[in-house]
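Below is one structure; the comments refer to it alone.
The values are calculated or read from the model by the stated rules, or taken from the named source; none is laboratory data. Because the structure is predicted, anything quoted here is derived from the model rather than measured. FYI the Cβ positions are ideal-geometry reconstructions off the backbone, even for glycines, and counts take in every protein chain you see.
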């Protein structure tokens with residue numbers, strides 16, 4: 001930009017005398033020239049101004065304030081919305097050469113405390129972000145013509161459905177309820193969305209006209225969990241997962257048959273089946289088959305009535321390639337995820353391997369053949385900042401050791417953590433309290449444990465609690481019924497996904513659970529099978545709203561610890577309460593932050609003999625002192641949302 005002042009400008013004033021009589025004339029002539037030029041410029045650009053004003057008038061505008069008046073029925077008249085933004089930058093459409101060969105994968109992954117949408121062209125080195133913000137976006141589903149992306153989001157406080165126009169970046173809201181809506185799936189003609197919804201303590205499948213011209217239609221009404229709907233290519237069947245017979249199977253709903261609408265496709269007794277996906281022909285069905293926490297991807301040929309499912313490998317969230325030659329799946333490891341592919345036909349497909357530092361929570365793979373592939377991201381807010389600032393309160397000299405910092409307003413045998421971990425813990429504690437509505441981490445069974453202090457028998461000496469970088473939340477909270485555990489077997493080890501019940505059960509905090517929780521008490525109730533397996537699945541999936549504490553803790557660097565190999569016969573070995581901020585360090589390096597090497601080479605920890613495996617893991621009643629501290633009055637309240645409309649079709 002030119003500098004028009006001082007000696008740098010074009011209007012530099014040269015010292016010297018000038019006749020006074022000429023200055024007013026020169027000024028008047030100059031102003032007249034400027035005025036005439038401005039008038040001419042405005043006349044030439046008038047049409048452009050009118051077009052710009054018309055465009056601004058037609059631009060959808062969203063009220064960024066939380067919606068206070070929400071009904072229990074999905075809103076059939078969508079509200080055109082624009083994501084609330086704090087720093088506007090003009091997004092640029094993205095194109096790529098490989099997409100016409102391999103299509104595009106859109107997925108949702110957690111990053112820095114929230115889940116957001118990304119897209120990835122197979123063969124490229126990286127994925128590109130589509131959305132960001134202080135909320136969760138997930139469950140992406142691309143329309144058949146490739147122009148729009150449907151997804152679920154809690155950007156307005158509750159889980160609702162939205163669409164992102166991939167050509168303009170416009171974000172549009174489709175539902176506004178106090179309940180939960182997720183897993184949208186497009187009909188083949190692009191006019192309807194099937195989705196799962198949680199109202200009044202029950203999961204059902206609903207159908208929603210995308211244009212808002214018509215009422216939403218409730219497809220299922222059984223008192224069961226009906227989840228993850230998809231359409232077949234004809235548009236006359238909905239495939240979904242349901243536990244209406246007591247075990248999750250894959251079902252088909254015939255939209256043209258009212259009398260006998262539902263067909264159980266898989267009908268197995270010992271396996272949990274979910275996340276169905278059809279190939280482009282509609283004849284091959286891929287889904288997850290799970291037993292004892294191990295998830296396998298299987299394919300079943302629907303064109304043959306006696307077809308035997310074929311196991312193709314381990315993974316979750318299967319998605320067919322556009323040509324049907326391969327399947328992309330998500331491999332979840334203890335602390336990150338990876339998208340890989342399995343070839344179904346010999347020599348078909350492109351091998352995939354995209355490592356994501358976080359959990360993947362939704363995926364779609366669609367074709368861009370004969371489509372104008374130009375993705376315009378939605379309005380982007382400021383890039384997410386760090387979840388916390390690490391402050392070293394006591395500077396560590398070269399070769400020195402970290403200090404232990406006392407945790408404020410916290411109950412634990414030793415309320416201390418390493419100077420390297422205290423800010424991360426306090427930030428996690430505050431975030432969890434906001435999302436739950438109560439202070440879950442105010443009471444810990446363990447924070448820092450001294451090198452000579454006792455841990456429960458059966459723990460190994462190289463436990464992270466000795467490093468000052470780990471904590472174990474209060475087991476009494478789980479015994480009181482506020483924590484649910486889902487068993488996950490990863491790479492030969494058993495891990496636990498921890499869900500904590502939110503204080504308010506109206507849909508404003510947390511989300512409903514979709515998996516059966518583990519019951520450790522099953523092993524002491526006379527069932528030999530449960531005894532051998534260290535417990536059993538609970539009979540029913542817990543009702544209500546929970547947060548995934550395991551994912552949230554990982555956002556702040558605190559990673560769950562694998563159960564000890566004796567957990568089936570000795571309950572403390574489950575270690576489901578323990579999380580550690582490893583920062584990529586080995587246990588020995590973490591110990592050297594606190595102790596001289598000689599101390600950890602010659603340990604003298606307190607150990608006791610391992611007791612017999614008949615010890616009762618759970619108390620028979622909750623202590624009075626815990627009931628007095630627990631927010632039971634509001635946590636057990638029923639949802640306040642209004643009743644769902646009378647179903648059009650009973651079953």
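Anything in segment 135-150 that is under 12 Å from the mean Cα position of the chain (by Cα) and part of a strand (DSSP E or B)? List them, or say none.
137, 138, 139, 140
Could you identify the single residue in 223, 229 that is outside any loop (DSSP other than H, G, I, E, B) and either surrounded by fewer than 19 Cβ atoms within 10 Å (Cβ to Cβ) or without any contact (Cβ under 8 Å) to a residue 60 or more places away in the chain (or both)?
229
Going by what's in this entry, would residue 260 be described as assigned to a strand (DSSP E or B) and either farther than 21 Å from residue 152 by Cα or modelled with pLDDT of 95 or more (or both)?
Taking the combined requirement at face value, the residue does not satisfy it.
Quick check, is residue 156 assigned by TED's automatic domain parsing to the domain that holds residue 241 and more than 28 Å from residue 550 (Cβ to Cβ)?
In short, no.
If you go through segment 511-522 one residue at a time, do you hit one that is more than 15 Å from residue 537 (Cα to Cα) and modelled with pLDDT of 95 or more?
Yes, segment 511-522 contains a residue that is more than 15 Å from residue 537 (Cα to Cα) and modelled with pLDDT of 95 or more.
Kindly evaluate residue 279 against the criterion of being surrounded by fewer than 17 Cβ atoms within 10 Å (Cβ to Cβ) and either farther than 28 Å from residue 519 by Cα or at pLDDT below 90 (or both).
The answer is no for residue 279.
Output yes when any residue across segment 439-456 is under 25 Å from residue 508 (Cα atoms) and out of contact with any strand residue (DSSP E or B) (no Cβ under 9 Å at 6 or more places or on another chain), and no when none is.
yes
Quick one: is residue 377 out of contact with any strand residue (DSSP E or B) (no Cβ under 6 Å at 6 or more places or on another chain), modelled with pLDDT under 80 and more than 30 Å from residue 140 (Cβ to Cβ)?
No: the conditions fail for residue 377.
Which residue is modelled with the lowest pLDDT, if the candidates are limited to segment 156-170 and must be surrounded by 23 or more Cβ atoms within 10 Å (Cβ to Cβ) and under 19 Å from the mean Cα position of the chain (by Cα)?
That would be 158.
Kindly indicate whether residue 177 is at pLDDT 90 or above, farther than 24 Å from residue 339 by Cβ and either surrounded by fewer than 24 Cβ atoms within 10 Å (Cβ to Cβ) or over 15 Å from the mean Cα position of the chain (by Cα) (or both).
yes
Every residue, every condition in (1) surrounded by 20 or more Cβ atoms within 10 Å (Cβ to Cβ); (2) in contact with a helix residue (DSSP H, G or I) (Cβ under 8 Å, 6 or more places away or on another chain); (3) at pLDDT below 95, yes or no:
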{"site": "132", "(1), (2), (3)": "yes, no, yes"}
{"site": "144", "(1), (2), (3)": "no, no, yes"}
{"site": "150", "(1), (2), (3)": "yes, no, no"}
{"site": "183", "(1), (2), (3)": "yes, no, no"}
{"site": "203", "(1), (2), (3)": "yes, no, no"}
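Assigned to a strand (DSSP E or B), within 19 Å of residue 278 (Cβ to Cβ) and free of Cβ contacts under 8 Å to residues at least 60 places away in the same chain: is that true of residue 189 in this structure?
The answer is no for residue 189.
Test of understanding: among 416, 436, 407, which residue is within 28 Å of residue 162 (Cβ to Cβ), out of contact with any helix residue (DSSP H, G or I) (no Cβ under 6 Å at 6 or more places or on another chain) and modelled with pLDDT of 95 or more?
436
Do we have residue 595 as in a loop (DSSP other than H, G, I, E, B), touching a residue at least 40 places away in the same chain (Cβ under 8 Å), more than 19 Å from the chain's Cα centre (by Cα) and over 30 Å from residue 158 (Cβ atoms) here?
Spelling it out, residue 595 is indeed in a loop (DSSP other than H, G, I, E, B), touching a residue at least 40 places away in the same chain (Cβ under 8 Å), more than 19 Å from the chain's Cα centre (by Cα) and over 30 Å from residue 158 (Cβ atoms).
Considering only residues that are under 30 Å from residue 578 (Cα atoms), assigned to a strand (DSSP E or B), in the same structural domain as residue 121 (by TED's automatic domain parsing) and touching a residue at least 24 places away in the same chain (Cβ under 8 Å), which ones fall in segment 295-336?
316, 317 - these are the residues of segment 295-336 that are under 30 Å from residue 578 (Cα atoms), assigned to a strand (DSSP E or B), in the same structural domain as residue 121 (by TED's automatic domain parsing) and touching a residue at least 24 places away in the same chain (Cβ under 8 Å).
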